[in-house]
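Engineer: My questions all concern the structure below.
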Amino acid sequence: MLYETSKAVDQLFPGAADYRRLSSGDEVRETSGRYFPYTERHLHALWFDDSLRPKELKTSRGEPVVIENPGRWNLEAGPDFLGAVLLIGREQRRVAGDAEIHIVSKDWKNHGHHTDPRYEGVRFHITWFPGTIDESLFPPGTVQLPLYDSCTIDLESIDTSAYPYQEPRASKHFPISGRRLSLHPSILPSIGKKPDRIMDLLESAGEERIRQKTQRMAWLMQARGEAQALYEETAAALGYKNNKAPFRKLAQFVPLESLAQYGSDWKTIYSVLLGLSGLLPAQPGVRWPESSKKELRSLWDLWWREEHKWEEVDPLTKKDWNFSGLRPLNHPVRRLCALAQWVANGFFQTLETDSAVATRSAEMQRSCFQCLEECYWENHVGWTGKEKRAALVGKGRLQAIELNVFVPFRLAKGDSTALENLSVEPMNSVIRETAYTLFGPDHSPKIYRTALARQGLIQIFNDFILTGRLDELK
């Protein structure tokens with residue numbers, strides 16, 4: 001069923017295949033009857049981050065593994081991690097060398113590593129799915145490490161753009177170590193500098209980005225159920241870049257099914273989400289006005305009444321959230337209020353028909369500019385009492401939810417009309433950086449004015465700039 005869904009989704013994006021032939025990048029896949037909706041970059045982050053990496057790893061032969069050093073993330077050509085050190089077996093024999101990561105074992109040969117001298121120092125072949133190929137294709141003594149059976153982390157919660165932590169960025173104006181990618185014929189065959197051909201390439205990359213999002217949404221819908229998948233992804237989108245992971249985790253800890261007991265009582269739903277998020281203040285601030293103190297008391301009155309029902313849930317803490325550089329209007333306390341109102345209004349349920357899905361995001365946008373009755377946040381920016389009438393969620397974030405959540409959801413349900421009249425991604429640092437890196441400072445923004453073209457720039461950033469693969473395009 002999952003593989004059939006994957007093929008059906010591919011048919012909606014005929015142009016995406018052109019970009020995949022150029023990039024030869026990762027993609028969601030089905031292998032040995034198992035569907036995998038993530039990329040190798042998710043596995044790179046999993047291996048790199050001590051807090052994500054499985055604690056009880058075993059080799060393909062069942063030997064226990066202790067990670068002394070996962071290696072240095074390699075942003076150049078060659079193995080994914082350099083200089084890794086692992087302790088293998090009960091005797092903890094120390095093995096040092098480079099590490100290469102794939103989704104399946106056969107990719108070692110498929111990618112040509114068995115004949116590439118740059119991979120002669122590999123001693124660890126790390127894969128998601130277990131499986132082996134001819135050991136003679138690997139450097140002598142290479143250890144096979146499957147992750148699937150020992151991983152307990154939800155890969156969906158990994159923000160791949162956050163890794164590696166110390167990615168080199170030379171300057172604001174030359175962000176990728178001073179290098180600029182020109183339109184070399186080997187990169188863009190027969191395209192040259194013709195704007196219409198460049199736009200075709202960018203739009204095929206944009207199709208690939210939306211295709212990947214749709215594939216992952218289809219997987220989530222089958223794994224979690226349609227309503228829960230939409231709820232989780234909307235919550236994550238509310239968290240934007242800083243707090244995507246804690247928002248998604250909270251939506252998993254507090255599923256729609258459990259919130260159904262509160263019906264349309266959004267205030268109680270809000271108190272539950274706040275209580276389990278770790279963001280409900282224990283005491284009001286010294287300088288809080290009476291209106292803020294009254295709101296906090298009302299939330300605690302509701303949460304005290306409901307708290308015992310959630311004793312088995314391990315709540316988040318304030319440390320799980322990132323407030324660095326966060327504008328008050330984007331604070332998760334405000335965003336959780338919007339999520340509570342959407343849940344209470346049934347925005348994530350009763351989506352059996354395409355017409356219901358197509359109108360839901362418009363309803364969301366209207367609700368954010370008109371709070372429900374007696375909503376504290378209708379006239380306040382924060383707990384400190386700064387009074388300002390503002391939408392719970394800004395127009396730009398609502399457009400992003402439409403583009404990154406509802407469009408893939410509709411497409412996963414087979415509604416091809418979702419590709420019509422796509423919202424154009426607002427200009428951001430990723431789009432600007434990629435356009436500058438590709439085309440230089442004097443290019444015309446008209447070549448990426450369409451929604452698909454801007455999505456394409458983001459996809460190229462993820463595939464080539466973020467991963468340090470610029471040299472592969474020269």
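Engineer: Under a point spin-label approximation (7 Å from Cα along Cα-to-Cβ), what is the L326-M427 distance to one decimal in nm?
Structural biologist: Distance between label points: 2.8 nm.
Engineer: Also, I was wondering about something else. On a straight-distance basis, which lysines could pair with K109 in a cross-link, Cα separation under 26 angstrom, same-chain partners fewer than 8 positions away excluded?
Structural biologist: Hits, sequence-local ones excluded: K7, K58, K474.
Engineer: With labels modelled as points extended 7 Å from the Cα through the Cβ direction, what inter-label distance (nm, one decimal) is found for S136 paired with T384?
Structural biologist: Result: 7.1 nm between the two label points.
Engineer: Can I ask one more? Relative to the Cα centre, what is the charge dipole magnitude of segment 411-456, using +1 at the beta carbon of each Lys and Arg, -1 at the beta carbon of each Asp and Glu, and rounding to the nearest 20 debye?
Structural biologist: 40 debye
Engineer: Quick check on segment 37-162: of the DSSP beta bridges with both residues there, what percent are antiparallel, nearest 5%?
Structural biologist: For segment 37-162, the DSSP antiparallel bridge percentage is about 60.
Engineer: Further question: What Rg and what Dmax come out for segment 37-162 when only alpha-carbon atoms are used, in angstroms?
Structural biologist: Looking at segment 37-162, its Cα Rg and Dmax stand at 13.4, 38 Å.
Engineer: Nearest 20 debye, what's the magnitude of the dipole of segment 37-162 about its Cα centre given +1 on Lys and Arg Cβ and -1 on Asp and Glu Cβ?
Structural biologist: Details: 13 positive and 20 negative charges, 73 e Å.
That gives segment 37-162 a dipole magnitude of about 360 debye.
Engineer: May I pose another question? Work out, step by step, the length gained on full extension between V313 and R287: first 0.36 nm times the residue separation, then minus their alpha carbon distance; give nm to one decimal.
Structural biologist: Computed gain between V313 and R287 is 6.1 nm.
Engineer: Longer than 24 Å from Cα to Cα, which of K244/K309; K55/K309; K267/K293 are they? Say none if no pair is.
Structural biologist: On the way: K244/K309 26 Å; K55/K309 31 Å; K267/K293 16 Å.
Beyond 24 Å: K244/K309; K55/K309.
Engineer: How do T127, T160 rank when sorted from fewest to most other Cβ atoms within 10 Å of their own Cβ? Walk me through the numbers before you get to the answer.
Structural biologist: Numbers: T127 24, T160 17.
Listing T127, T160 from fewest to most nearby Cβ atoms yields T160, T127.
No lab work stands behind these numbers, since they all come straight from the coordinates. None of the values given here were measured: they were computed from a predicted structure. Don't worry about glycine lacking a Cβ; one is built from the backbone with ideal geometry, like all the others, and counts go over all protein chains shown.
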